[in-house]
Amino acid sequence: MLTRRHIRVKVMQSLYAFNQSQNDRLATEEKFLKKSMEDMYDLYLLQLNLFSEIRGKAEKFLERSQQKHLATKEDRDPNKKFLDNKVFKILDENEHLRQVLEDHKITHWKRDDEYVTIVWEEIKKSELYGDYMHTRNSSFKEDKDFVIEIFKQIIAPNDKLYEYLEDKKLTWLDDLPLINTAILKMLQKLKETSADSLKLTKLFKSPEDKEFAIELFRKTYLNDEVLSSEMLGKTPNWDKDRIAEVDMVLIKMAICEFMKFPSIPVKVTINEYLEIAKEYSTPKSSIFINGVLDKLSREYKTEGKLNKMGRGLM
């Protein structure tokens, strides 16, 4: 789930927070970094759990309809196609998902169920829902296509949910696009098998990615003076005080990768930090950072200081 770029963003945010707090407790900020990454998995579980909670709202809606004093024929014999959706059933009955939700204490929608109601009401009045409920039976493909479309068109772009998540945890705003993409891919790969066949996406694609996050944070922090000195004379017409702090952090992280991470190609490092700068810093930051890193990488190569191993890593 976590891409290397997103890992770099998490490290950048932690280093920036570390600089702002002006403390010297590395362990505290490292704990913040780990928590930020773990919280991302909570968001993934929270979004997955929303499907079951929406289905629960739909079930209560049908129960209330059947209990009406002047119930119609439709009320007495309701269309249960939404409740019987095979994708909802897989998510509801997966024991591993149920256990992980319990372990991570994902009970947000129980406490704040008004947001579940908001989403259910939007689904119920949508054209997607009307078309889907036009018949009483469906194939697995129709069920899956329907769930994917309500996720793409109603759940993922929902402003009220966005505001709710922002209030709960500020770092979730950066995580949400990646989480929604992971859920969409999971839904697209889902097959009509037993509920226990559902495979949850892992937070890290490999142990190396988790190690990369911690090592990048530690090595950038512990070598701060050395990395700062490497920038001297490489920022013409820019006083240190004029350089955006985020840019400073990104440049130091990139230099750290040049010098301390032999397996990462120089071009990959430069491209990754330019993209992060475009999203998180000033409009001209990517141009500035590109100039600094390009100059440094060429000098390091000439001087034999690039610590890279393997073909194509220069």
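Any read-out appearing in this document is the output of simple, stated calculations on the displayed coordinates, not a laboratory observation. Quantities reported herein were computed from a predicted structural model and do not represent experimental measurements. Note that we place each Cβ from the backbone using ideal geometry, even for glycine, and neighbour counts take in every protein chain shown.
Okay, here's what the table says:
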item	result
Anchor Lys234: lysines whose Cα lies under 22 Å away (excluding residues fewer than 8 positions away in-chain)	Lys219, Lys252, Lys260, Lys267, Lys278, Lys284, Lys295, Lys301, Lys305, Lys308
Using alpha-carbon coordinates, inclination of helix 172-189 to the longest axis of the chain, degrees	60 degrees
Nitroxide proxy distance, nm - points 7 Å out along Cα→Cβ at Asp84 and Phe140	1.7 nm
Largest-first principal axis extents, alpha carbons of the stretch 1-155, Å	70, 32, 29
Debye-sum result for the stretch 147-291 in log10 I(q)/I(0), which assumes one identical scatterer on each alpha carbon, at q = 0.15, 0.17 Å⁻¹	-0.96, -1.09
Descending Cα extents along the principal axes, the stretch 145-186, whole Å	31, 19, 10
Nearest-ten-degree value, helix 245-260 long axis tilted from longest Cα axis of the chain	70 degrees
Rounded to whole Hz, the Karplus (6.51, -1.76, 1.60) HN-Hα couplings of the stretch 216-222, x for glycine and proline	5, 5, 4, 5, 5, 5, 5
Structure-based [θ]222 nm, the chain - -39500 (n - 2.57) summed over DSSP H runs of at least 4, per residue, nearest 500	-21500 deg cm²/dmol
Two-site label geometry, Asp294 and Leu170: point separation in nm, points 7 Å out along Cα→Cβ	3.4 nm
In order through the stretch 132-139: 3J(HN,Hα) via Karplus (6.51 cos²θ - 1.76 cosθ + 1.60), integer Hz, x for Gly, Pro	5, 7, 5, 10, 9, 10, 8, 8
Estimated FRET transfer efficiency (Lys284, Arg25; beta-carbon r; R0 25 Å; 0.05)	0.15
Crossing angle, helix 140-150 versus the chain [Cα axis fit, 0-90 degrees, rounded to tens]	60 degrees
Calculated volume of the Cα convex hull per residue in Å³ (choose from (i) 163; (ii) 225; (iii) 117), label	(i)
Residue-span extension gain [Lys199 to Glu122] - 0.36 nm each, minus C-alpha spacing	24.8 nm
Debye intensity ratio I(q)/I(0), log10, the stretch 223-303, q values 0.16 Å⁻¹ (C-alpha model)	-0.54
